[in-house]
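Some notes on the structure that comes next.
Nothing in this text is a laboratory measurement; each read-out follows from the coordinates by a stated rule. Note that the structure is predicted; figures quoted are calculated from it, not measured. Every residue, glycine among them, receives a Cβ derived from its backbone with ideal geometry; neighbour counts consider all protein chains shown.
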Amino acid sequence: MQLGILYGISVGTGDPELITVKGLRILQAADIVTFPQGINNKPGVAQKIISQWLQPQQTTVPLYFPYVRDQNILESAWQKAAAIVWQYLQQGNNVAFACEGDVSFYSTFTYLAATLTKLHPEVVIETVPGVCSPTAAASELQMPLTVSNERLIILPAIYTVAELETALDLAEVVVLLKVSSVYKQVWQILQKRGLLESSWVVEKATCSDRKIYHNLQYHPHLQLSYFSLLLIRVLKTAL
């Protein structure tokens, strides 16, 4: 029997209409649709994004990916998820994995695909690009992410203050992902550098409940969700 194909489909940051035409076509044609399992038995972000596009005959399969940094726990979860997907592929079923944001941008799908390829080199994998959080946030702010020859640095997470200081020295535009846990420290650095007025926080970009905070000198103590980013224009380029 011919193996099914595993598709990694970028479904955007929250607005269901941000999926591409190609992504929607493949998603709706797949026999099996998978996505990261939500927390506490609640629907996950990717699942909520695609729910209105699914067809009655499709089988949905949530896959467990823990939110931890322990490499052993992560690898165990990737292998279990890969084993589930491989069973369907062996049966000739095409499997679509719905990936929040873009499939190549700090994506859970990357680890699933790499694990499957390592365990089963014959696996066939295709990906469909899409909208990632920095570009979605720029759209929400109605401003370009970069212009002219500006340099952009994206930090997926900040573990030391020095990382941010270095980024601010090197680039004209800096985007901080997962900023909620370090917002207080970041705010202090921006205050010291006089950058609070040229920084924005976008929480849940493109979702119906998204929030935007500008002129951060008035917002030193924000309680932010996990899906929040901070965009800093280090040099105030005329737009």
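Can you compute the modelled spin-label distance between Ile212 and Gln91, with each label point 7 Å from Cα toward Cβ, in nm?
In this crude spin-label approximation the distance works out to 4.6 nm.
Starting at the first residue of segment 126-137, write each ³J(HN,Hα) from the Karplus equation 6.51 cos²θ - 1.76 cosθ + 1.60 with θ = phi - 60°, in whole Hz, x for Gly and Pro.
3J(HN,Hα) across segment 126-137, in whole Hz: 10, 10, 10, x, x, 8, 9, 4, x, 6, 5, 5.
Can you tell me the dipole magnitude for the chain around its Cα centre, using point charges on the Cβ only (Lys, Arg +1; Asp, Glu -1), in Debye to the nearest 20?
Roughly 340 debye for the chain.
Greater than 26 Å separation of Cα atoms is the criterion. Which listed pairs, Lys22/Lys211; Lys22/Lys178; Lys22/Lys48; Lys80/Lys211; Lys42/Lys118; Lys80/Lys204, meet it?
In this structure, Lys22/Lys211; Lys22/Lys178; Lys80/Lys211; Lys42/Lys118; Lys80/Lys204 lie more than 26 Å apart at Cα.
Out of Ser133, Ser225, Ser199, any idea which swings most in a Gaussian network model of the chain, alpha carbons joined below 10 Å?
Among Ser133, Ser225, Ser199, the largest GNM mean-square fluctuation belongs to Ser225.
What value, in deg cm²/dmol to 500, does the helix sum -39500 (n - 2.57) over DSSP H runs of n ≥ 4 give at 222 nm once divided by the residues of the chain?
Estimated from H runs of four or more residues: -9500 deg cm²/dmol.
Roughly how far apart, in whole Å, are the Cα centres of segment 168-239 and segment 61-87?
Taking the Cα centre of segment 61-87 as reference, the centre of segment 168-239 is 32 Å away.
Stretched out fully, how many nm does the piece from Thr117 to Ser225 gain, at 0.36 nm a residue minus the Cα gap?
Here the answer is 35.5 nm.
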